[in-house]
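Peer 1: What follows is a single structure, and I will ask about it in a moment.
The values are calculated or read from the model by the stated rules, or taken from the named source; none is laboratory data. What you are looking at is a predicted structure, and each value in this text was computed from that prediction instead of being measured. Cβ sites come from the backbone with ideal geometry, for glycine too, and all protein chains shown count toward neighbours. Keep in mind that these areas ignore ligands, DNA and RNA; they rest on the heavy atoms of the full protein, side chains included. Shrake-Rupley method; radii C 1.70, N 1.55, O 1.52, S 1.80 Å.
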Amino acid sequence: MGPRSSAIYTKPDKSSSNNFNINKPVSVLKTEAFTTNNDPRKNCPLHNKPHPLRKCRTFREKSLEERMALLKEKRICFKCCSSTSHFARECMIAMKCPECNSTNHNGAMHPGPLPQTDNAPSPPQQDGGEGEAHSRTTIVSSSCTEVCGQTQSSCSCSKICLTKVYPKGAKDKAIKAYVILDDQSNRSLVSPEFSNLFHIESNQFPYYLRTCSGSVETYGRKAEGFQLESLDSKVVICLPPLLECNEILNNRTEIPTPSAVLHQPHLHHIAKHILELDPKAEILLLLGRDGLRVHKVRQQVNGPHDAPFVQRLDLGWVVIGELCPGNVHKSTVNTLKTNVLESGRHSIFQLRTSVTCIKEARQAFNKRKVTEEMLGQSVFAQTKHDNKLAPSDQNTILLKIMDTKVFRDEANNWVAPLPFREPRQCLPNNKEQAVERFTPLQKTLKRKPEMQQRT
């Protein structure tokens with residue numbers, strides 16, 4: 001047998017276990033104890049800082065969709081942005097937006113962009129630098145204010161020319177008017193003011209107006225036989241038939257002026273060809289593709305890629321593009337409102353088709369003063385029809401038809417017209433459905449000749 005192996009254990013030195021350096025550093029993990037405040041009135045969920053969410057500049061600078069997503073995630077009220085215990089439809093807190101005076105949201109949920117503010121550094125604060133919007137100052141740019149003015153929106157120009165317009169052969173009746181040149185429109189349009197100035201008395205012409213919001217049927221007068229003349233009298237253009245339209249955008253801020261191009265390095269030499277704004281001339285016409293000559297470009301100055309450019313047309317020079325130097329202002333969006341409510345107000349929302357419109361007939365009163373005695377005699381007067389049911393409007397129309405249009409013919413028979421509603425509705429074209437139902441009947445008659453003979 002081979003030798004056995006054994007393990008030898010030695011007892012550690014007791015003195016060596018206590019031999020350590022008392023100056024050796026000890027590393028520990030530092031733990032911080034803090035409390036989370038979920039109240040958006042006191043603690044911002046974005047920065048976890050002691051400032052309310054409705055005063056947070058970072059939250060306000062986000063887009064409306066991002067703000068709504070954050071509020072939905074944190075289950076915060078969309079209206080007041082200050083509570084997690086209720087929703088917007090249950091919010092009873094009185095709110096008023098300082099930018100649009102709306103009572104449906106506060107300033108933090110205003111849909112528009114945040115106004116441009118001074119980016120100068122400020123001393124650090126305990127609340128993360130958040131505060132009221134009105135405590136910040138607005139950027140002032142000398143070159144920008146000379147072009148855009150003191151407004152918060154930028155200056156943008158489109159194809160608009162100042163011209164003279166008059167009926168053919170009646171130059172003495174010429175008026176000055178601004179003309180919008182829109183090659184996206186297939187017809188030329190005029191405003192109702194144009195029709196009134198020239199006393200156009202034509203019948204109302206029905207047509208469909210298609211915009212980005214949809215298609216709507218409208219009516220307007222038609223103006224024919226008009227001429228357009230440039231201010232230097234070098235060009236005279238015969239206009240196509242013009243349709244009256246109430247939806248021509250009347251935005252005078254898009255009319256080019258000399259100051260608009262004077263501060264553009266590549267366009268300042270064109271400023272002498274641009275006319276000053278005429279306060280008496282209105283935007284009365286929109287010329288589409290049915291008058292191609294007015295869209296012909298005779299000369300063009302481009303410049304840098306993102307810079308505005310100018311074109312020389314037969315009617316004069318036009319400026320196209322954003323003119324704000326340095327893009328200080330954020331651009332605004334101009335849209336046409338195509339829906340008109342019963343009250344006459346415009347709306348961008350679709351009209352409700354289930355609304356019942358009730359109009360009360362107003363009775364013409366005399367201008368003399370109505371005394372209490374006269375009022376009592378008219379209000380409490382009794383007639384023999386007081387306790388009888390009054391006929392409906394449809395019954396009244398039917399009785400009127402029977403009284404006026406029923407007659408006896410030569411065969412001594414009474415003839416009465418069919419009581420159609422007024423105005424009479426046109427029946428739909430059901431030819432496709434009729435042919436579809438007649439086809440199987442025709443096949444059946446061919447298969448059964450005896451049935452065809454009986455018919």
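Peer 1: Can you pull out every residue in region 70-93 that is open to solvent by 60 Å² or more (accessible area, probe 1.4 Å) and under 23 Å from N43 (Cβ atoms)?
Peer 2: K72, E73, K74, R75, F78, T84, S85, F87, E90, M92, I93
Peer 1: On to the next question. Just checking, which of S154, S135, S143 is in contact with a helix residue (DSSP H, G or I) (Cβ under 6 Å, 6 or more places away or on another chain), open to solvent by 40 Å² or more (accessible area, probe 1.4 Å) and modelled with pLDDT under 90?
Peer 2: S143
Peer 1: Please go through region 232-246 and give me each residue that is open to solvent by less than 40 Å² (accessible area, probe 1.4 Å) and over 17 Å from R293 (Cα atoms), ordered by number.
Peer 2: Across region 232-246, the qualifying residues are L243, E244, C245.
Peer 1: Any residue in region 59-70 that's over 18 Å from F87 (Cβ atoms) and in contact (Cβ under 8 Å) with a residue 60 or more places away in the chain: show its pairings with residues that are open to solvent by less than 80 Å² (accessible area, probe 1.4 Å) and not hydroxyl-bearing (S, T, Y) at Cβ separation under 9 Å, as long as the two are six or more apart or on different chains.
Peer 2: Within 9 Å, the pairs are R60/R67; R60/G107; R60/A108; R60/M109; R60/H110; R60/L114; R60/A133.
Peer 1: Filter region 422-439 down to the residues that are open to solvent by 100 Å² or more (accessible area, probe 1.4 Å), of a type outside the set (A, V, I, L, M) and under 37 Å from the mean Cα position of the chain (by Cα) and list them by number.
Peer 2: Once the filter is applied, which keeps residues that are open to solvent by 100 Å² or more (accessible area, probe 1.4 Å), of a type outside the set (A, V, I, L, M) and under 37 Å from the mean Cα position of the chain (by Cα), region 422-439 yields E422, R424, Q425, C426, N429.
Peer 1: Report yes if some residue within region 257-266 is within 21 Å of Q184 (Cβ to Cβ), modelled with pLDDT under 90 and open to solvent by 80 Å² or more (accessible area, probe 1.4 Å); otherwise report no.
Peer 2: Within region 257-266, not a single residue is within 21 Å of Q184 (Cβ to Cβ), modelled with pLDDT under 90 and open to solvent by 80 Å² or more (accessible area, probe 1.4 Å).
Peer 1: Name the residues in region 199-213 that are open to solvent by 70 Å² or more (accessible area, probe 1.4 Å), more than 15 Å from S185 (Cα to Cα) and assigned to a loop (DSSP other than H, G, I, E, B), would you?
Peer 2: Hits for region 199-213 are H199, E201, N203, Q204.
Each row is one residue, and each column tells you yes or no for (1) under 30 Å from P113 (Cβ atoms); (2) part of a loop (DSSP other than H, G, I, E, B); (3) at pLDDT 80 or above.
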site	(1), (2), (3)
T10	no, yes, no
S15	no, no, no
N19	no, yes, no
I22	no, yes, no
L29	no, yes, no
E32	no, yes, no
N48	yes, yes, no
S82	yes, yes, yes
